[in-house]
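Q: Quick one: the structure is below, and I'll ask about it shortly.
Every read-out reported here was derived from the displayed coordinates using simple, explicitly stated rules and does not represent laboratory data. Just so you know, these numbers come straight off a predicted model, no measurement behind them. We place every Cβ from the backbone using ideal geometry, glycine too, and count neighbours over all the protein chains shown.
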């Protein structure tokens, strides 16, 4: 079989006793490592391991939660999300400090009135150094049951009765090779086989350890990592250039394949969409600098791939940022699907063309539409 690379193996963990958080997280990490080793023994390469805990209740200190987790986890090796918070949470200072120290979070906007607060948070928190802004997202729908392995919009729902695993995969290069050799039929067969074999392997792990963990499913979203480029896949499949309208039908066709495969799986979860994460895709970054991709051209793709706007910097005012969030909220509500937003915001007076970060390298700066 072709490459089997798990982009993210995520454990969604419902905390039972906040006073015993460190010991609970220690056990959770042990299970995550065991699952990763088991998948490796079955021929998978696990690229990243992630833990998402239940969002700390309002009477629990976010600062102390972060401290206890750091006692049990090396957050440099295992990514940890504290889940989704209300934009009106009274612990915003603690949440920001947790993000600055390496944790991931997102903010839920369940109502239209939440968007002004969301814009204020993103605008005011976008201060150099900007690395922390890559760990903050906005959920424009706020579906409390939505589970995805992708950070920062990963959650462990409060009503989750037991810990569950989810997976995503490194797909663009492999799908391109398959398309060029076997066409769309080869792509579909591979996605089915990869998904079913990963679910089977996780089931075998859970049975072998006789634990009560479950499987949320796989998220078949096409997400890039630098030269493993979603942009290149789209351009070569469609003989088009990203940013041009000719690529929209190609994105739709690829997204339709993902949707059809994911809906036929016994365990499917998350977005299952094409993700145009600009700063994580070498070709997308190149097209931005060439002037071929703009904020407007990214918005044009959302009706056919609803994951959202991700990983770029934007030169704008807080008022215009609010306009953008209102637009994304409209897309999300019209389709009743989760749409995300993650970006660094620069003041309108800024003349920077790129932001440099440790993890992602250069992040292109867009002007507002």
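Q: So what is the relative contact order for the stretch 224-367, in percent, with contacts set as C-alpha pairs under 8 Å and at least six apart?
A: Relative CO of the stretch 224-367 lands at 25 percent.
Q: Considering just Cα atoms, how many Å³ per residue does the convex hull of the stretch 171-211 enclose?
A: Given the Cα convex hull of the stretch 171-211, per-residue volume reads 57 Å³.
Q: Can you order the peptides 203-215, 244-256 by their average number of other Cβ atoms within 10 Å per residue, highest first?
A: With the highest mean Cβ count within 10 Å placed first, the list reads 244-256, 203-215.
Q: Another question, if that's okay. Can you give the extra length, in nm with one decimal, that the chain gains between residue 239 and residue 335 once fully stretched, where that is 0.36 nm per residue apart less the Cα-Cα distance?
A: Result for the pair: 31.7 nm of gain on full extension.
Q: Highest first, please rank the peptides 148-160, 102-114, 53-65 by the mean number of other Cβ atoms sitting within 10 Å of their residues.
A: So the order, starting with the most tightly packed, is 148-160, 102-114, 53-65.
Q: Can I ask one more? If contacts are Cα pairs under 8 angstrom and at least 6 residues apart, what is the relative contact order of the chain in percent?
A: In percent, rounded to a whole number, it is 17.
Q: What 222 nm value per residue comes from the helices of the chain, counting each DSSP H run with n ≥ 4 as -39,500 (n - 2.57) and dividing by all residues, nearest 500 deg cm²/dmol?
A: Helix-only estimate at 222 nm: -13000 deg cm²/dmol.
Q: Along the Cα-to-C-beta direction of residue 124, a point sits 7 Å from the Cα; which residues of the stretch 79-101 have their amide N less than 14 Å from that point?
A: The answer is 87-97.
Q: In the stretch 178-209, which residues have a backbone nitrogen under 14 Å from the label point lying 7 Å from residue 256's Cα in the Cα-to-Cβ direction?
A: Answer for this model: 184-185.
Q: Give, in nm to one decimal, the length gained when the segment between residue 58 and residue 182 is fully stretched (0.36 nm per residue of separation minus the Cα-Cα distance).
A: 39.4 nm
Q: Suppose we take every Cα in the stretch 224-367 and form the convex hull; what volume per residue is that in Å³?
A: About 111 Å³ per residue, rounded to a whole number.
Q: If you don't mind, there's one more thing I want to ask. If I take R0 = 30 Å and measure r between the Cβ atoms of residue 289 and residue 90 in this structure, what FRET efficiency does the formula 1/(1 + (r/R0)^6) give, to the nearest 0.05?
A: It comes to 0.10.
Q: Mind jotting down the distance between the C-alpha centroids of the stretch 177-206 and the stretch 323-369, whole Å?
A: First find each Cα centre; the distance between them is then 32 Å.
Q: A follow-up question, please. Within 10 Å, count the other beta carbons around each residue, average over each peptide in 219-228, 73-82, and list them highest first.
A: 219-228, 73-82
Q: For a test of the definition: using alpha carbon positions, the gyration tensor, and the 1.5 limit on a/c, classify the stretch 5-164 as rounded, prolate or oblate.
A: prolate
Q: Given points 7 Å out from each Cα along the Cα-Cβ axis, report the residue 296 to residue 193 separation in nanometres with one decimal.
A: The modelled label-to-label distance comes out at 4.5 nm.
Q: Would you work out if the chain is rounded, prolate or oblate? Take a ≥ b ≥ c from the square roots of the eigenvalues of the alpha-carbon gyration tensor; rounded if a/c is under 1.5, else prolate when a/b is larger than b/c, oblate otherwise.
A: oblate
Q: Pulled fully out, how much extra length does the chain show between residue 317 and residue 16, if you take 0.36 nm times their separation in residues and subtract their Cα-Cα distance?
A: 104.2 nm
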